[in-house]
Structures are given as structure tokens and as C-alpha cells.
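Take a look at the structure below.
The values are calculated or read from the model by the stated rules, or taken from the named source; none is laboratory data. Model, not experiment: these values are computed from the prediction. As a convention, Cβ positions derive from the backbone with ideal geometry for all residues, glycine included, and neighbour counts pool all protein chains shown.
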Amino acid sequence: MTPAKLSAYLDQFLSTRRTMAEADPHFDAFHRRLLRHKEKLLRNFLAFWKKQGCPWPIRSQIVFDWITVSGHPEHPYRDQHHFYTLRAFLQQLRTFEPETEVPESPLHFRRPRRRPYIFSECELVRLMRATKRLRLFDQFRVATIRTLIGLLASAGLRIGEALRLKLEDLRLAANPPYLVIRDTKFGKSRNVVLHPTVRDHLRKYMSERARILGARRVDVFLTNRMGKRLNYSSQHLMFGRLLRRAGIRAISGQRRPCLHSFRHTFAVRRLTQWHRDRKNVQELLPHLSVYLGHIGPASTYWYLTATPELLQTAARSFERQQNQGGRSK
């Protein structure tokens, strides 16, 4: 294996990763910097490999040697990032050069998962009120922001799914009204049923949208005054300002509230309501998975983070089941 040939494999790998990343609606300046950082790491490994005399095939030992040389004992997570960046390249390289070794990670520690942020009913109201205090934006921008937040909170959509919605995806005349969600995370389409009040708000926004855009034909649903689709990065920054206006912040050990927190909130509130209504949660959970666009219930469990309210409701439900079972004996 010559340095030129291995470098060509690396260029092909980087080109593929760049194409995939740029196709993601969340791609922004941060991800662009991350791609450049990973490229720098991989080219650093290539230089290290050449300095070691271009040993071929690549074995696990040279991977660990490189991590040892470039790592730092006070930053173990940095070593983990270096390892998995190189491992991804070696996995692709092995498809062309089968003798390449792809080592398993010797780093078995895991960062404890912080509890996601769950919005309370009061906080959702404060967020909506705070949109009216974003004085730098025109009224149509405020209406668009309110509609976006309403969709995320009431339908549990991913932010990318909401930003990609087109007019043809809104089936508001149907009974019940629903959205057609295309190009999802797992490549499947699904229908998301809406509450009538959500339908009414979407119709109101569509009227305002038609007034602003005039005769211009714009397929995307959520748009700015120029008829352009909303940018994820700008919405992320806007939401940070909105949180500050509403005085909403995370407590110690909790993840910061973000646009994806609405999805967590939707799932937890739905589960809590089922417990209150004495529904069979185990039977209903697959339906929630389909609604959220997951590949199965196992993925949905990740969202169902225990909140004090959810734990109390579930405990009462379990106690009722136990008491009913005791009386039936």
C-alpha cells in the first residue's frame, strides 16, 4: 500500500462524509468545523502511518499507538473521539482492502446521560407570550415562529420534519386533519393526526402567509417574507433568545432546553395522560412509536424519561392494578 493510494482512499471517504452531512437540514457552521476537524485528525494519522514506515496491512496496534501519541490523560473523551473518527475510516477502507483490521474500542466508560428537558404547561404558555416580545422581527416572522413551536409541541415532530413541510403535506380538510411527514430519519413516510385547534391555527397562518407572499408560488409551508425555507441554524439561535425572554433555563444535571425538547415533552405527556386515563400503556406504546416515526417501541422508551409527575401517575396506576388483581382472587 503506497501513501498515495491510502490518501486517495481517505479523500474518497471524506468526500462521501461531506456529501452526506451537507444533505442534512441541520448542517451548519458547527458541523462544517467538525468535518474539518475530523479531516485534520485523519490526515494526522496518515502522516503518523508514513512516519512508521507505511506498515501494511493496518493493524490495531498502530491505531492504539497513534491514539497514545496524540492523546492526553486528562482528556479521555478526546481519545474516544479520535478512535471513533479513525475507526469509521477503517471500516470503509476494509470494504476495498479486506485485510485491514478494525479494532474494538478499549474505552469502555460512558458519560452519564443527563435528563432531557421537559417543558411544563406554564413554560409553553410563557414561550408563546415571549414571541410577541421579539421586537426585532416583523409580525409575519412572529406568526411563523409561533406556528413552528405549536407544531413541535402539539405533534411531536422533529425540527427537520417541520422545516421540510410542504403545502401538499397538509391535509387539513380531512377528518381528522393530518400531516404527511416525508423524508423522515429512517426513510419512511407517516401520517400525523392533528387536534382541531391545531388545524385552525394552521389555516390562520396559511391565510397570513398567502397575504404576505401574494402571487408567488412557494411550496414550503413555513417560510420567511422572501418565500425561502427557514434555516435550522437561525431557528436554533432564535429559540435561544426566546428562552431567555421567557426566563426558562435548565437546572443542574439536566440538559438545556432546545427545539428537540418539545419532542421529549410530547412523548412524556402522552404517556402520563394514558396512565391517568387508565389505558393499557404497553399496548399503546407501539402506536406512539409509529406516530413519532420510530422504528420500534425500543426507540420510544428513550424519550419516556421519568418525571416526578409521570412516576406518581404510573405508581397510582400500578397500585390500582394490584388492588383489582387482589379483589379478583
* Can you name the helices (runs of 4 or more DSSP H) wholly within the range 1-71 that have at least 3 residues being hydroxyl-bearing (Ser, Thr, Tyr)? -> 3-22, 60-70
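Does Thr184 count as of a type in the set (S, T, N, Q), assigned by TED's automatic domain parsing to the domain that holds Ala130 and over 22 Å from Ser289 (Cβ atoms)?
Values: of a type in the set (S, T, N, Q): yes; assigned by TED's automatic domain parsing to the domain that holds Ala130: yes; over 22 Å from Ser289 (Cβ atoms): no.
Here the answer is no, as Thr184 does not meet what is asked.
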* Structure fact -> The one condition Phe186 fails out of (1) modelled with pLDDT of 90 or more; (2) surrounded by fewer than 11 Cβ atoms within 10 Å (Cβ to Cβ); (3) not charged (D, E, K, R) is (1)
* Asked: Which residues, taken from the range 28-47, are in contact with a Ser or Thr (Cβ under 8 Å, 6 or more places away or on another chain) and surrounded by 12 or more Cβ atoms within 10 Å (Cβ to Cβ)?
  -> Asp28, Lys38, Leu41, Leu42, Asn44, Leu46
* To do: Only one of these is in the same structural domain as Ile159 (by TED's automatic domain parsing), closer than 19 Å to Arg164 by Cβ, at pLDDT 85 or above and under 16 Å from the mean Cα position of the chain (by Cα): Asn231, Asn224. Name it.
  => Asn231
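Condition check: more than 30 Å from Pro57 (Cβ to Cβ) and modelled with pLDDT of 75 or more. Does Thr100 satisfy that?
Numbers: more than 30 Å from Pro57 (Cβ to Cβ): no; modelled with pLDDT of 75 or more: yes.
No.
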* To do: Kindly indicate the residue of the range 204-221 that is surrounded by fewer than 14 Cβ atoms within 10 Å (Cβ to Cβ) and more than 16 Å from Val142 (Cβ to Cβ) and also nearest to the chain's Cα centre (by Cα) among those meeting that condition.
  => Asp219
* Asked: Quick check: anything in the range 118-131 at pLDDT 90 or above, farther than 15 Å from Ser261 by Cα, hydroxyl-bearing (Ser, Thr, Tyr) and assigned to a helix (DSSP H, G or I)?
  -> no
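Only one of these is not in a helix (DSSP H, G or I) and not hydrophobic (A, V, I, L, M, F, W, C): Arg203, Arg225, Arg211. Name it. Before the answer, list the steps.
Details: Arg203 fails: not in a helix (DSSP H, G or I); Arg211 fails: not in a helix (DSSP H, G or I).
Result: Arg225 is the single residue among Arg203, Arg225, Arg211 that is not in a helix (DSSP H, G or I) and not hydrophobic (A, V, I, L, M, F, W, C).
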* Has the range 299-313 got at least one residue that is in contact with a strand residue (DSSP E or B) (Cβ under 6 Å, 6 or more places away or on another chain), outside the structural domain of Met128 (by TED's automatic domain parsing), at pLDDT below 75 and not charged (D, E, K, R)? -> yes
* Asked: Of these, Phe266, Phe239, which one is in contact with a Gly (Cβ under 6 Å, 6 or more places away or on another chain) and assigned to a helix (DSSP H, G or I)?
  -> Phe266
